[in-house]
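Asker: Below: one structure in structure tokens.
The values are calculated or read from the model by the stated rules, or taken from the named source; none is laboratory data. Everything numeric here is computed off the predicted structure, so don't read it as measured data. Here the Cβ positions follow ideal geometry from the backbone for every residue, glycine too, while neighbour counts run over all protein chains shown.
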Amino acid sequence: MRAICWISILTLAACTAPNSGGAPGGGGSSMNNNNGGGSSAGGGDGGTGGGGANSDGGTITGGGGAANDGGTVNGGGGAGLLKFAVMGDSRPPNENDTSGYPSAIISRIFSLAQSNGAQFLIGTGDYMFATQASAVTAQVSLFQKAEANYTAGPIYLAMGNHECTGYTDSNCPNLDETPNVQAFMKLLPAGVTTPYYRVDLNTPTGKAKFLFVAANAWNSTQDSWLKTQLAESTAYTFVIRHEPTSDSTAPGVSPSESLIGGGHLTLELNGHTHEYRRVDSRHVISGNGGAPLSSSGNYGLLLVEQQASGDFTVNEIDEASGNITDTWSVSP
């Protein structure tokens with residue numbers, strides 16, 4: 001069933017998924033409408049939370065007006081069980097080859113996220129493969145068209161190396177180095193001014209924080225930000241970073257991983273290699289979102305669902321068949 005949405009005066013699309021048990025309120029969809037939260041105070045119950053935009057470090061707060069804590073998107077006022085989808089690496093096989101953009105695969109992945117009841121969707125990076133501004137614009141437009149198949153809730157995107165220069169070791173901390181990074185920044189919720197940010201969601205067993213690390217826009221400011229976010233005690237900590245630890249040439253991989261390793265990690269979601277791979281019980285690569293597969297396997301997405309016990313069940317779903325091909329559980 002399609003989500004019920006309404007629009008605030010700042011054009012925030014706030015969606016509550018039926019049967020979600022209190023789905024997260026809208027923190028702003030990254031590509032559906034390039035909007036952030038509404039500025040009104042307060043927020044609803046059961047996931048109908050509003051949102052407040054803040055000019056300091058890209059903060060949007062759902063369920064209670066504006067905030068000043070920098071780089072945070074508060075996903076809403078509900079405290080229902082979470083269910084979200086993860087996909088990544090949806091670029092074409094060749095540079096500036098917009099005609100080869102894998103629109104059909106991406107559209108199907110978004111449709112599966114919708115039909116499986118995902119309350120929001122996370123991208124692990126690389127939504128384009130372009131060096132020309134015109135190709136960047138065209139490929140982003142195709143991603144947006146595919147995204148129309150998912151209307152249930154917000155989409156939160158992590159930055160990949162192709163959102164910088166394309167090289168794994170590239171770094172774009174100034175956010176104006178390439179058309180790619182400039183286009184990516186426009187896809188984040190309104191008010192978010194850094195490519196790294198945090199999404200907070202309440203659950204029946206405690207707060208879940210989602211930390212979006214930009215390994216290809218690394219600097220000392222992001223390092224300090226990540227330390228601060230990890231230091232805060234929450235029931236769940238999800239980290240989204242494009243490159244896994246095996247691709248440490250990206251400037252932010254090693255320093256961020258050294259910080260994450262000392263925290264209470266629930267699950268780290270990566271992309272970059274064009275595959276689905278469960279590295280271990282707390283690290284998974286979801287990079288099979290349309291780019292040429294780097295190994296045998298299938299295109300697909302992850303569906304991560306919280307259980308009443310507080311644990312999360314992680315399912316890999318095949319894009320072609322819609323069937324679950326792998327499943328496991330993650331504890332807080």
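Asker: Among the listed residues E275, E257, E316, which satisfies the condition of being farther than 21 Å from A146 by Cα and of a type in the set (D, E, K, R)?
Answerer: After applying the criteria, what remains is E257.
Asker: While we're on this one: Filter region 188-211 down to residues that are in contact (Cβ under 8 Å) with a residue 60 or more places away in the chain and either surrounded by fewer than 23 Cβ atoms within 10 Å (Cβ to Cβ) or among the charged types (D, E, K, R) (or both), then give me how many there are.
Answerer: Number of matching residues: 9.
Asker: Follow-up question, since we're still on this one. What number of residues within region 208-227 satisfy the criterion of being part of a strand (DSSP E or B) and touching a Lys or Arg at 6+ places or on another chain (Cβ under 9 Å)? Spell out the reasoning first.
Answerer: Filtering region 208-227 for residues part of a strand (DSSP E or B) gives 208-213.
Those left that are additionally touching a Lys or Arg at 6+ places or on another chain (Cβ under 9 Å): 209-213.
Qualifying residue count, region 208-227: 5.
Asker: So in region 55-70, with the set limited to residues that are surrounded by fewer than 24 Cβ atoms within 10 Å (Cβ to Cβ) and touching a strand residue (DSSP E or B) at 6+ places or on another chain (Cβ under 9 Å), which one is modelled with the highest pLDDT?
Answerer: The first filter runs over region 55-70 and keeps only residues surrounded by fewer than 24 Cβ atoms within 10 Å (Cβ to Cβ), leaving 55-57, 64-70.
Pick out the ones that are also touching a strand residue (DSSP E or B) at 6+ places or on another chain (Cβ under 9 Å) and you get 57, 64-70.
Values: G57: 31, G64: 28, G65: 27, A66: 28, A67: 30, N68: 31, D69: 41, G70: 46.
Applying the filter and picking the extreme gives G70.
Asker: Also: Whether any residue in region 275-282 is assigned to a loop (DSSP other than H, G, I, E, B), among the acidic types (D, E) and modelled with pLDDT of 95 or more is what I want to check.
Answerer: Yes: one or more hits.
Asker: For residues that are within 19 Å of G287 (Cα to Cα), of a type in the set (D, E, K, R) and either assigned to a helix (DSSP H, G or I) or in contact with an Asp or Glu (Cβ under 9 Å, 6 or more places away or on another chain) (or both), tally how many sit in region 94-153.
Answerer: Residues meeting the conditions: 3.
Asker: Quick one: in region 283-299, which of the residues that are touching a Phe, Trp or Tyr at 6+ places or on another chain (Cβ under 9 Å) and surrounded by fewer than 17 Cβ atoms within 10 Å (Cβ to Cβ) is modelled with the lowest pLDDT?
Answerer: G297
Asker: Which residue out of D169, D89, D176 is assigned to a loop (DSSP other than H, G, I, E, B) and buried (at least 22 other Cβ atoms within 10 Å of the Cβ)?
Answerer: D89
Asker: How about region 148-166: which of its residues are surrounded by fewer than 21 Cβ atoms within 10 Å (Cβ to Cβ) and in contact with a strand residue (DSSP E or B) (Cβ under 8 Å, 6 or more places away or on another chain)? So that I can check it myself, show each step before the final result.
Answerer: As a first pass, look at region 148-166 and keep what is surrounded by fewer than 21 Cβ atoms within 10 Å (Cβ to Cβ): 148-149, 151, 165-166.
Across region 148-166, the qualifying residue is only T151.
Asker: Okay, moving on. In this structure, does T221 turn out to be more than 24 Å from V304 (Cα to Cα) and of a type in the set (S, T, Y)?
Answerer: yes
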